[in-house]
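Structure first, then comments.
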Amino acid sequence: MEHNTLQGVIFDLDGTLLDSTGMWRQVDGRLMAHYGKEVPPDLSETVQRMSIEEFSQFFVEEFDLPVTPEQIAQQVADMVAEEYREKLQLKPHVPEILDWLDQQNIPYGVATATYGELAEAALRRLHIWERLRFLLTEQDAGAPKTQPRIFQLAAQELHLGRRQIAVVEDSLHALEGAKNGGFFTIGIADPENAPVWKEICATATVHIHDILEMKQFF
């Protein structure tokens, strides 16, 4: 089978390694409340496919806010900074899977849509940073995860071909981006992706509920 050739891993951060997706859903509401706006029921689903730049531009234009997109991006960063620097924890069994990958000499890194500085702060605090081959953000790639660019850059960091790499993601749109790039994709369950779990199962090469289950594909 195809997965017998896998030799490296590109991990998502939020919702895959880090237990943070619930926090991000709250950010949308907090931002709207700050400007005295009502939260549309589908807001989180609308913005989850966007990069930070797209997200900021959308909020300013859609809700006619008296600020610039750059100010919105900074405001959101300020909202979540303490969580990343001091509070957010790893999802279950993440240390165990990283230990296993290290034992197998399988290299891995992180490709994330979040702010690079905050991602690094959380990974350092949780003693993961030193184990990574790379941390890449959408800003580094110049494109959101809906496009394969960030995964292609990560493959270069691993010095492996796309069919030698597993992309582990909890986000449907990111799985679509990696799939379009020709990568082997592992969709992982998270409480926040339950509404689109069927679509994730249909999109990803394989799907799992516990991160330790990914061992079987190497």
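Brief remarks follow.
- Residue match in the stretch 186-208 (condition: among the small types (Gly, Ala, Ser) and within 25 Å of Arg85 (Cβ to Cβ)): no
- Every residue from the stretch 178-217 that is out of contact with any Leu (no Cβ under 8 Å at 6 or more places or on another chain), of a type outside the set (A, V, I, L, M), surrounded by fewer than 22 Cβ atoms within 10 Å (Cβ to Cβ) and more than 19 Å from Val94 (Cβ to Cβ): Lys179, Asn180, Gly181, Gly182, Pro195, Trp197, Lys198, Cys201, Thr205
- The set of residues from the stretch 180-218 being in a helix (DSSP H, G or I) and either over 23 Å from Ser44 (Cα atoms) or assigned by TED's automatic domain parsing to the domain that holds Met50 (or both) comprises Asn180, Ile211, Leu212, Glu213, Met214, Lys215, Gln216, Phe217.
- Scanning the stretch 156-177 for residues that are buried (at least 22 other Cβ atoms within 10 Å of the Cβ), in contact (Cβ under 8 Å) with a residue 60 or more places away in the chain and either over 16 Å from the mean Cα position of the chain (by Cα) or not in a loop (DSSP other than H, G, I, E, B) (or both) yields Ile165, Ala166, Val167, Val168, Glu169, Ala174.
- Residue in the stretch 4-26 that is closer than 19 Å to Ala194 by Cα, more than 18 Å from the chain's Cα centre (by Cα), of a type outside the set (Phe, Trp, Tyr) and in a helix (DSSP H, G or I) present: no
- Breaking point among (1) at pLDDT below 95; (2) within 19 Å of Val196 (Cβ to Cβ), for Val168: (1)
- Among the candidates Thr137, Thr185, residue that is touching a strand residue (DSSP E or B) at 6+ places or on another chain (Cβ under 6 Å), without any contact (Cβ under 8 Å) to a residue 24 or more places away in the chain and at negative phi: Thr185
- Selection count where residues are surrounded by fewer than 17 Cβ atoms within 10 Å (Cβ to Cβ), out of contact with any helix residue (DSSP H, G or I) (no Cβ under 7 Å at 6 or more places or on another chain) and closer than 26 Å to Glu86 by Cβ, scope the stretch 1-51: 4
The values are calculated or read from the model by the stated rules, or taken from the named source; none is laboratory data. Please read all numbers here as calculations on a predicted model, not as lab measurements. Ideal geometry is used to build each Cβ from the backbone, glycine not excepted, and the neighbour counts take in all protein chains shown.
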